[in-house]
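Take a look at the structure below.
Readers should treat all values here as calculations from the given coordinates under stated rules, not as data from a laboratory. Since the model is a prediction, treat every value here as computed from it, not as a measurement. We place every Cβ from the backbone using ideal geometry, glycine too, and count neighbours over all the protein chains shown.
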Amino acid sequence: MAKKRIGILTGGGDVPGLNSVIKTVTYRSSEDNIEVMGLRRGWEALTHVNLDDAESRRRYLMPLDRENTRTIDRRGGTVLHSSRTNPAKMQKLPEHLAGKDFPLAKNRKGVPGNALDLSKQVMANLSTLGIEHLIAIGGDDTLGYAAKLSELGVKVIAIPKTMDNDVHNTEYCIGFSTAITRASDAIQRQRTTVASHERIGIFRVFGRDAGFTALYTAYTTSIRSVCSSRRSAQTQATMRWLCSAREPSGRAIKCASTARRTHMAIARRRALPTPLPRRSSSALERKR
Amino acid sequence: MTSDLTYDLRSGDPDFVDKLVGLTFGNMAYDAMLDGKTGLMSALVDGRYDLVPIPDPALGPRKLDVATMYNTERYRPMYANKRGLPVFLQRVS
């Protein structure tokens with residue numbers, strides 16, 4: 001009887017902790033006599049692999065065992081590599097699929113757009129590879145396609161990872177804690193230089209437009225923060241206001257973060273001028 | 001003084017929390033697979049490990065609840081009233 005085979009992939013930006021997931025799944029599988037096929041470069045493995053081409057198979061497929069995963073959890077990143085490919089939103093066909101017919105992808109309102117939906121190819125590759133169950137590790141885009149595959153009848157289990165911590169239905173995504181730790185460490189280190197030179201320190205960090213990275217960094221470093229999800233006039237005004245603030249000693253730490261449209265500014269509490277500029281009050285807002 | 005932390009935040013080795021949660025999410029996913037389950041995601045809900053439906057992609061990314069987490073008048077996080085919250089301070093919905 002043929003061994004059961006499962007697939008595992010990592011999509012989107014890498015975060016620390018992915019290799020721990022890959023290793024534990026591989027080790028558990030080895031105890032149950034189940035094969036694990038590592039699918040390299042996220043969903044791209046299932047859209048771009050040419051199973052008739054040995055070089056393509058080497059590029060996109062990586063059989064996992066105890067030997068080749070034994071030490072991977074000691075490092076960050078992902079040994080399977082990653083990509084942001086979404087098979088339901090393909091702008092261009094892989095070379096070996098040129099000329100084949102695929103349906104146009106539909107947007108959230110169900111209207112066909114310009115992108116192609118390669119789900120048919122993904123399912124065909126899973127079938128040819130004998131993958132009965134898939135474990136997909138990723139953020140909202142990677143897992144969004146996992147949800148689509150599940151609706152199409154593929155057995156999928158998802159694991160949320162993103163340093164932005166912005167996946168619905170879970171309070172935590174792998175990578176968030178390390179990201180906050182890194183940001184806090186960097187701010188803490190630069191306090192000495194900012195103080196020595198009596199300067200304003202401005203930091204940029206990722207965080208998309210979710211706001212978790214900015215706020216939790218501010219919370220854990222005891223500094224003031226400004227978050228906004230848009231490059232709005234309010235944000236610009238707030239940034240100008242923060243950049244005008246200094247401590248009596250003449251120094252201030254300002255930390256501004258931009259990723260896509262996200263802005264964050266952090267300044268030490270004592271650096272802020274008084275009275276604070278007031279915005280529309282909210283019953284939910286409380287003063288410390 | 002301007003510094004881009006950007007990729008620094010996702011690089012290097014995982015800290016204890018990401019090792020712990022990564023291992024646990026991975027084992028939960030494996031157990032779910034053994035049980036023949038599909039369409040589920042390893043998750044932390046109300047501070048406890050659980051399996052939940054994979055989120056609807058139409059929802060887009062989850063966002064911080066500014067009303068309960070951020071003081072928009074004083075430009076800083078909310079510090080009060082944390083008792084009873086799960087470890088990461090926000091419930092999923």
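Points worth noting:
- Counting Cβ atoms of other protein chains within 10 Å of each Cβ in A:37-47 and taking the mean gives 0.
- Against chain B, whose longest principal axis comes from its Cα atoms, helix B:16-34 is set at around 30 degrees.
- Neighbouring partner chain Cβ atoms per residue of A:23-33, average, 10 Å criterion: 3
- FRET efficiency, B:N81 to B:F16 (Cβ-Cβ, R0 30 Å, nearest 0.05): 0.65
- Across all Cα pairs in the stretch A:63-115, the calculated P(r) in 10 Å bins from zero up to the longest distance comes to 18, 31, 20, 22, 9 percent per bin.
- Gain on full extension, evaluated as 0.36 nm per residue between A:E67 and A:A124 minus their Cα-Cα distance, stands at 17.6 nm.
- Listed peptides B:70-79, A:63-72, A:101-110 appear in the order B:70-79, A:63-72, A:101-110 once ranked by packing, highest mean of other Cβ atoms within 10 Å at the front.
- Nearest-20 debye value, the stretch A:1-109 charge dipole, Cβ charges on Lys, Arg, Asp, Glu: 440 debye
- Kirkwood hydrodynamic radius of chain B, Cα pairs, Å: 16.5 Å
- Shape box of the stretch A:102-213 [Cα atoms, principal axes, largest first, Å]: 62, 31, 24
- Peptide A:111-118 is shielded by partner chain Cβ atoms: per residue, an average of 0 of them sit within 10 Å of its Cβ.
- Cα convex hull, the stretch A:1-156: 116 Å³ per residue, rounded to a whole number.
- Fully extended contour minus Cα-Cα distance, from B:D31 to B:A58, at 0.36 nm per residue: 6.9 nm
- Value of Rg/Rh across the stretch A:1-85 [Cα atoms, Kirkwood radius]: 0.97
- Dipole in debye (nearest 20) - the stretch A:64-163, about Cα centre, beta carbon charges: Lys, Arg +1; Asp, Glu -1: 260 debye
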